[in-house]
Amino acid sequence: MHQNALDIVGQDKARQKRLSILAEIGCILLFILFMMPFFIVLLNSARTNAEIINSAVGMPENWANFKENVVAVWNNPTFNFLKALKDSVIITILSLAVISVCSAMTAWVLVRNKTKWSTALFMMFVAAMVIPFQVVMFPLITWFKNLGDFLHIPLLRSHGGLVFAYLGFGESMTIFIFHGFVKNIPLEIEEAADIDGCSLPAAAAGVRHRAGAQRPVDLE
Amino acid sequence: MDNQKFFSGRRERKITEFLFLVPTVLAFFLVIIIPFIIGIYYSFTDWDGVNAARNVVGLANYKAIFTEPGFLHAFLTTVLFTLFNVIAVNVVAFLMALLVTSQVKGRNLYRAGFFVPNLIGGIVLGSIWQFIFSSILPAMGKALGWGWLSTSMITNARTVVGAMVTVNTWQYAGYIMMIYVASIQGISQQVMEAASVDGATYWIRVRKILIPLMANAFTISLFLTLTNSFKMYDVNLALTNGGPVTMFMKTPVQASELLALNIYNTAFKYSKMALGQAKAVIFFIVLVVVSLVQVSINKSKEVEM
């Protein structure tokens, strides 16, 4: 009986070894597959048009072309790469900051204030995750134009308006994630902070970067 | 201590809570709810998006939708794409999660590597893969003498959905993998070890222990992939932009045009705002029904430890 059990463990060890070798090979193959497109982009960014047309895959003839291509993109007045990059960075930083701070505050209230209003509000945020962008896309443009004219704030073609729109679209998912986080923070910590004289609710402690970057896509 | 009493009295706490809610609720109503309601109103009019004039036409738009081959084809293509995509993304993501939570060397590198495609926007991805499908794969096919590979996948109406599933799996599997990884790491190692001592092989352990305990992660992942596949727009636009023309109901239609792209084209390319809006409302209803069914089925399969 004892012998038998050892046998099974021995067999299991051998099988485990085979499995781990398989896993290793699988990982390497998948990794190559996942990185291949990036590799191709890198290679092609160092080739000339003629080279790419002649053969789609291949090593660049001269890596100096890489620098030339980058400089050409950077200086091209029709792309205006620098301005686009600057706008993307500004919009991403602003919307990430606004979305994470505002959503964290809301999630804290929705967790700590247990009334039927807060439950209803939470359900509404969750339900909004299903609304496809296409449904609100056209009315949003006319509505933002009218609202902007009324308030004398440019909501279209402005960073502020875009960040505000991103807050509307991004907050549902973020509140949902923060809601889970805040629920796991014990209430005692907040009570202790209050006794120690902390004025602002310690929900900020739960602020973590939201997984996934906001992608800068222009709403126009 | 009573929940309501701390933080300097009840009234101040109420004010704080109110102020904490204002920004998100305001944005929520101004960005989503009000346009959503306006949109439903538009779908009952004949607005073209350019002229200010519009008349209420009742259900005419909705009637027009269900006899339009382009829309019906886009609808069926979207269902087909969603079906393949949900399966492909989740199977690949689950296998990758198993790989990177095993004892493989350099698993953190693999985890990061599989996640990287997710950091790039769909438009850029679509352009990269368009080049791969239209130039690199045919070149490879010719070099290897494989006939099926030497014509581009995205110019063939039969294979174009497969190409989109490939690209989307490549992009999205890493993200879903992270959800599965978090879930696997939450399962206590002792359960798996106990089963191992009792003689359960690796695959039995995965099937009988891991998968039932990960039901919660499956619910979330399936919900995310389902809604995202249904709403797929950017990869569709950059990769095929509707793709080759094919015949459907004796009318030429765009073979790879998914719902979101169809709605966008109706509204902006053909200037039929109201019709596009009616399509969007149908789209929303279908999406709500499908995701409600999915979540309730998945929820019923979840088990508690």
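Considering only residues of region A:126-153 that are at the interface with chain B (Cβ under 7 Å from one of its Cβ atoms) and outside any helix (DSSP H, G or I), which is surrounded by the most Cβ atoms within 10 Å (Cβ to Cβ)?
A:Ile131
Could you please find all residues in region A:41-87 being touching a residue at least 12 places away in the same chain (Cβ under 8 Å) and closer than 18 Å to B:Gly121 by Cβ?
A:Ser45, A:Asp87
Can you pull out the residues in region B:32-74 that are over 15 Å from A:Gln134 (Cα atoms), modelled with pLDDT of 85 or more and small (Gly, Ala, Ser)?
B:Ala60, B:Ala64, B:Gly70
State which residue is surrounded by the fewest Cβ atoms within 10 Å (Cβ to Cβ) when the search covers only region B:106-120 and only residues that are more than 13 Å from B:Tyr175 (Cβ to Cβ) and out of contact with any helix residue (DSSP H, G or I) (no Cβ under 7 Å at 6 or more places or on another chain).
B:Asn108
Does region B:101-115 hold any residues that are in a helix (DSSP H, G or I) and facing chain A (nearest Cβ under 7 Å), and which are they? First the steps, then the outcome.
Of the residues in region B:101-115, the ones in a helix (DSSP H, G or I) are B:101, B:107-115.
Answer for region B:101-115, where residues must be in a helix (DSSP H, G or I) and facing chain A (nearest Cβ under 7 Å): B:Tyr110, B:Gly113, B:Phe114.
Go through the residues of region A:9-16 one by one and say whether even a single one is over 30 Å from B:Gln103 (Cβ atoms), of a type in the set (D, E, K, R) and exposed (fewer than 12 other Cβ atoms within 10 Å of the Cβ). Working first, answer last.
Restricting attention to region A:9-16, the residues satisfying the condition of being over 30 Å from B:Gln103 (Cβ atoms) are none.
Looking for residues that are over 30 Å from B:Gln103 (Cβ atoms), of a type in the set (D, E, K, R) and exposed (fewer than 12 other Cβ atoms within 10 Å of the Cβ), one finds none in region A:9-16, hence no.
Listed here are the residues, each with its yes/no results for (1) assigned by TED's automatic domain parsing to the domain that holds A:Asn184; (2) more than 23 Å from B:Ile120 (Cα to Cα).
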| residue | (1), (2) |
| --- | --- |
| A:Phe38 | no, no |
| A:Ala50 | no, yes |
| A:Leu94 | yes, no |
| A:Val101 | yes, yes |
| A:Phe133 | yes, no |
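Looking only at region B:150-196, count every residue that is under 29 Å from B:Trp129 (Cβ atoms), of a type outside the set (Val, Ile, Thr) and in contact with a helix residue (DSSP H, G or I) (Cβ under 7 Å, 6 or more places away or on another chain) and tell me the total.
Residues meeting the conditions: 16.
What do you reckon, is A:Leu162 farther than 30 Å from B:Tyr42 by Cβ, in the same structural domain as A:Thr174 (by TED's automatic domain parsing), touching a residue at least 60 places away in the same chain (Cβ under 8 Å) and part of a helix (DSSP H, G or I)?
Numbers: farther than 30 Å from B:Tyr42 by Cβ: no; in the same structural domain as A:Thr174 (by TED's automatic domain parsing): yes; touching a residue at least 60 places away in the same chain (Cβ under 8 Å): yes; part of a helix (DSSP H, G or I): yes.
No: the conditions fail for A:Leu162.
Just need a number here: residues in region B:183-210 that are surrounded by fewer than 14 Cβ atoms within 10 Å (Cβ to Cβ) and in contact (Cβ under 8 Å) with a residue 24 or more places away in the chain.
Residues in region B:183-210 being surrounded by fewer than 14 Cβ atoms within 10 Å (Cβ to Cβ) and in contact (Cβ under 8 Å) with a residue 24 or more places away in the chain: 1 in total.
Of everything in region B:76-105 that's under 30 Å from B:Thr45 (Cα atoms) and either surrounded by 20 or more Cβ atoms within 10 Å (Cβ to Cβ) or of a type in the set (Ser, Thr, Tyr) (or both), which residue is nearest to the chain's Cα centre (by Cα)? Steps first, answer last, please.
Step one: list which residues in region B:76-105 are under 30 Å from B:Thr45 (Cα atoms), which gives B:76-79.
Filter once more, so that each one left must be either surrounded by 20 or more Cβ atoms within 10 Å (Cβ to Cβ) or of a type in the set (Ser, Thr, Tyr) (or both): B:77-78.
Numbers: B:Thr77: 14, B:Thr78: 11 Å.
In this case the residue turns out to be B:Thr78.
Identify, from the list B:Phe230, B:Phe223, B:Phe218, B:Phe248, the residue that is touching a His at 6+ places or on another chain (Cβ under 6 Å) and either under 25 Å from B:Ile285 (Cα atoms) or within 14 Å of another protein chain (Cβ to nearest Cβ) (or both). Explain how you work it out, then say what you get.
Working: B:Phe230 fails: touching a His at 6+ places or on another chain (Cβ under 6 Å); B:Phe223 fails: touching a His at 6+ places or on another chain (Cβ under 6 Å); B:Phe218 fails: touching a His at 6+ places or on another chain (Cβ under 6 Å).
Of B:Phe230, B:Phe223, B:Phe218, B:Phe248, the one residue that is touching a His at 6+ places or on another chain (Cβ under 6 Å) and either under 25 Å from B:Ile285 (Cα atoms) or within 14 Å of another protein chain (Cβ to nearest Cβ) (or both) is B:Phe248.
Against the condition more than 28 Å from the chain's Cα centre (by Cα) and modelled with pLDDT under 80, how does A:Ile189 come out, does it pass?
In short, yes.
Looking at B:Ile176, B:Ile154, which is the one that is surrounded by 21 or more Cβ atoms within 10 Å (Cβ to Cβ), in contact (Cβ under 8 Å) with a residue 24 or more places away in the chain and farther than 30 Å from B:Pro244 by Cα? Please lay out each step first, then the result.
Details: B:Ile154 fails: farther than 30 Å from B:Pro244 by Cα.
Just a single option satisfies the conditions, and that option is B:Ile176.
Across region B:261-275, what is the total count of residues that are surrounded by 20 or more Cβ atoms within 10 Å (Cβ to Cβ) and either under 18 Å from B:Leu226 (Cα atoms) or more than 7 Å from chain A (Cβ to nearest Cβ) (or both)? Talk me through it step by step, then tell me what you get.
Quick first cut of region B:261-275, residues surrounded by 20 or more Cβ atoms within 10 Å (Cβ to Cβ) only: B:261-264, B:266-267, B:272-275.
If we keep only those that are either under 18 Å from B:Leu226 (Cα atoms) or more than 7 Å from chain A (Cβ to nearest Cβ) (or both) as well, we get B:261-262, B:266, B:272, B:274-275.
Looking only at that region, the number is 6.
Kindly establish whether B:Pro138 is exposed (fewer than 15 other Cβ atoms within 10 Å of the Cβ) and farther than 25 Å from B:Phe223 by Cα. It would help to see each step written out before you state the result.
On the way: exposed (fewer than 15 other Cβ atoms within 10 Å of the Cβ): no; farther than 25 Å from B:Phe223 by Cα: yes.
It is false that B:Pro138 is exposed (fewer than 15 other Cβ atoms within 10 Å of the Cβ) and farther than 25 Å from B:Phe223 by Cα.
Give just the number: which of (1) facing chain B (nearest Cβ under 10 Å); (2) over 18 Å from B:Leu19 (Cα atoms); (3) crowded, with 21+ Cβ neighbours inside 10 Å does A:Ala107 not satisfy?
(2)
Results for (1) modelled with pLDDT under 85; (2) surrounded by 11 or more Cβ atoms within 10 Å (Cβ to Cβ); (3) more than 14 Å from chain B (Cβ to nearest Cβ); (4) part of a loop (DSSP other than H, G, I, E, B), shown as yes or no for each residue.
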position: A:Ser20; (1), (2), (3), (4): yes, yes, no, no
position: A:Glu24; (1), (2), (3), (4): no, yes, no, no
position: A:Leu29; (1), (2), (3), (4): no, no, no, no
position: A:Glu51; (1), (2), (3), (4): yes, yes, no, no
position: A:Gly58; (1), (2), (3), (4): yes, yes, no, yes
position: A:Pro77; (1), (2), (3), (4): yes, no, yes, yes
position: A:Ser88; (1), (2), (3), (4): no, yes, no, no
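Report whether or not B:Pro244 is without any contact (Cβ under 8 Å) to a residue 24 or more places away in the chain and either surrounded by fewer than 21 Cβ atoms within 10 Å (Cβ to Cβ) or within 12 Å of the chain's Cα centre (by Cα) (or both). Show your work before the answer.
Values: without any contact (Cβ under 8 Å) to a residue 24 or more places away in the chain: no; either surrounded by fewer than 21 Cβ atoms within 10 Å (Cβ to Cβ) or within 12 Å of the chain's Cα centre (by Cα) (or both): yes.
Answer is no for this residue.
Looking only at residues in region B:213-234 that are within 9 Å of the chain's Cα centre (by Cα) and of a type in the set (Phe, Trp, Tyr), which one is nearest to B:Leu125 (Cα to Cα)?
Looking at the filtered set, the residue picked out is B:Phe230.
The values are calculated or read from the model by the stated rules, or taken from the named source; none is laboratory data. None of the values given here were measured: they were computed from a predicted structure. Backbone-built Cβ (ideal geometry, glycine too); neighbour counts: all protein chains shown.
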